[in-house]
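Single-structure report; data block below.
The values are calculated or read from the model by the stated rules, or taken from the named source; none is laboratory data. Treat the numbers as computed from the prediction; the structure is a model and nothing was measured. Glycine also receives a Cβ, built like all others from the backbone with ideal geometry; neighbour counts cover every protein chain displayed. Heavy atoms of the whole protein, side chains included, go into the accessibility calculation; ligands, DNA and RNA do not. Shrake-Rupley method; radii C 1.70, N 1.55, O 1.52, S 1.80 Å.
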Amino acid sequence: MTEQSLPKLTEALLAAAKRAGATEADAIAVDGRSVAIDVRAGQLEQAERAEGIEIGLRVLMDGRQACVSASDISARTMEQMAERAVAMAREAPRDPYIGLADPADLAKDWDADALELADPSDEPAAAALQEDARMAEAAALAVTGVDQVQSASAAYSFRRIHMAASNGFSGGYSRSSRSTSAVAISGEGLAMERDWAAESRIFQADLPDAAEIGRLAGERAAARANPRRPKTGAYPVLLDERISGSLIGHLLAAVNGQAIARGASWLRDAMDQPVLPDALSLIEEPHRKRVSGSRPFDAEGLPTMRRAIVDSGVLRSWTLDLATARKLGLTSTANAGRGTSAPPSPGTGNVTLTQGDQSRADLLADMGTGLLVTSFIGATINPNTGDYSRGASGFWVENGEIQYPVNECTIAGNLREMLRSIRPANDARLHLSQIVPSLLIEGMTLAGD
């Protein structure tokens with residue numbers, strides 16, 4: 001499938017929808033290929049390659065909508081898709097808030113190439129991916145205390161996306177990804193502990209050395225050997241940068257337009273109120289170069305733009321697509337996303353939390369005695385109240401220094417109080433879609449021994 005043919009596919013789908021009787025329609029075509037290699041004990045364990053195309057069509061008729069998708073791009077299939085979608089839409093419940101964007105609001109004159117979302121270099125050979133995975137495994141096994149490597153993998157993917165709608169929008173772009181990962185294990189039997197390291201980049205030349213990734217996975221697994229259960233009580237908790245984004249993810253979920261429109265959010269009444277410390281802001285930046293969450297327009301053809309979700313601690317914006325914005329009497333924030341088989345829904349891409357001026361080591365010193373969390377297991381989050389409870393493991397800290405690994409414990413609190421008290425370090429990785437540093441939270445409830 002050539003890049004030039006994707007617009008023709010979406011045009012054909014829209015034409016078929018019109019012939020079937022649809023009032024409005026939008027279409028999406030995705031053409032992609034991927035390669036994934038797994039190595040075990042220095043030998044190839046599994047190799048997967050996938051190539052294919054998917055097409056999706058959404059039809060809208062008098063406030064009703066239906067979505068259909070297929071992986072067959074024949075003219076007959078597209079006609080059948082359109083007929084099926086129209087028949088389904090006629091039976092769907094009416095929603096007065098759905099509908100395409102006003103043509104005057106559509107994105108214009110974007111430059112997807114400027115975002116550098118696709119690496120123009122050749123697809124890596126399977127042998128090169130296998131060598132990356134082998135090097136990561138060997139480096140992990142070379143770490144003292146590592147008994148085995150559960151998995152060592154390398155992968156590559158490339159996708160082209162094109163969207164079009166009956167309101168006149170038509171646009172697309174490409175994405176690529178190259179990644180390496182390893183999961184190492186220390187100990188044996190019931191005493192086994194595992195940890196991991198992984199890196200992914202859009203441009204292959206930006207990917208760190210595979211041996212460095214494997215070594216880090218091994219060192220992390222070895223450091224977790226022979227864990228204990230920590231003390232029960234109220235202690236400060238430091239969330240490592242690898243997992244701190246999950247805390248900000250709960251904030252993002254709470255300001256999502258779907259949750260707000262349903263009234264099912266612990267922040268539903270918090271607009272223009274403090275939700276983070278006064279010095280912190282949370283900014284969405286959809287135009288960062290070489291970052292996986294960047295895009296020139298959203299799934300409804302609206303131009304993406306920088307926006308402050310939280311500005312100087314104060315909540316300033318919900319995350320909205322067209323339907324949720326209309327329901328709330330607001331304007332879309334151009335945050336619609338979609339696949340081939342579902343209608344648009346709001347979601348965030350790149351977000352950046354203000355970093356602090358202290359290192360993680362500085363925050364450990366300031367916390368004195370408490371818990372450094374490096375991984376979570378399960379979660380109980382009440383979306384209406386923000387009550388928070390998660391299984392955790394990591395390291396016990398005394399006098400500002402790591403003493404020993406811990407597991408089988410639970411940390412609990414309330415998200416509104418937790419987020420208002422966070423102190424960020426300065427260790428966020430700037431290539432990630434979510435730039436969130438390690439976060440120190442005072443006075444959480446810790447359940448251990």
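List of remarks:
- Some residue of the range 417-434 being in a strand (DSSP E or B), among the small types (Gly, Ala, Ser), open to solvent by less than 60 Å² (accessible area, probe 1.4 Å) and touching a strand residue (DSSP E or B) at 6+ places or on another chain (Cβ under 9 Å): no
- Among the conditions (1) open to solvent by 50 Å² or more (accessible area, probe 1.4 Å); (2) closer than 27 Å to Leu216 by Cα; (3) without any contact (Cβ under 8 Å) to a residue 40 or more places away in the chain, the only one that Pro120 does not satisfy is (2).
- Scan of the range 286-317 for residues that are open to solvent by 50 Å² or more (accessible area, probe 1.4 Å) and more than 30 Å from Ser179 (Cβ to Cβ), ordered by number: Asp311, Ser312, Arg316
- Looking only at residues of the range 329-347 that are assigned to a strand (DSSP E or B) and open to solvent by less than 20 Å² (accessible area, probe 1.4 Å), we find that the one that is nearest to Gly99 (Cα to Cα) is Ala336.
- Within the range 1-44, tally of residues that are of a type in the set (D, E, K, R) and either loosely packed, with under 15 Cβ neighbours inside 10 Å or assigned to a helix (DSSP H, G or I) (or both): 5
- Residue list for the range 154-164, filter: open to solvent by less than 20 Å² (accessible area, probe 1.4 Å) and among the hydroxyl-bearing types (Ser, Thr, Tyr): Tyr156
- Checked against the criterion of being within 21 Å of Ala128 (Cα to Cα) and of a type outside the set (A, V, I, L, M, F, W, C), the range 213-231 contains one or more residues that satisfy it.
- Flag if Ile53 is closer than 18 Å to Gly339 by Cβ and free of Cβ contacts under 8 Å to residues at least 60 places away in the same chain: yes
- Of all residues assigned to the range 62-76, at least one qualifies as being open to solvent by less than 50 Å² (accessible area, probe 1.4 Å) and assigned to a loop (DSSP other than H, G, I, E, B).
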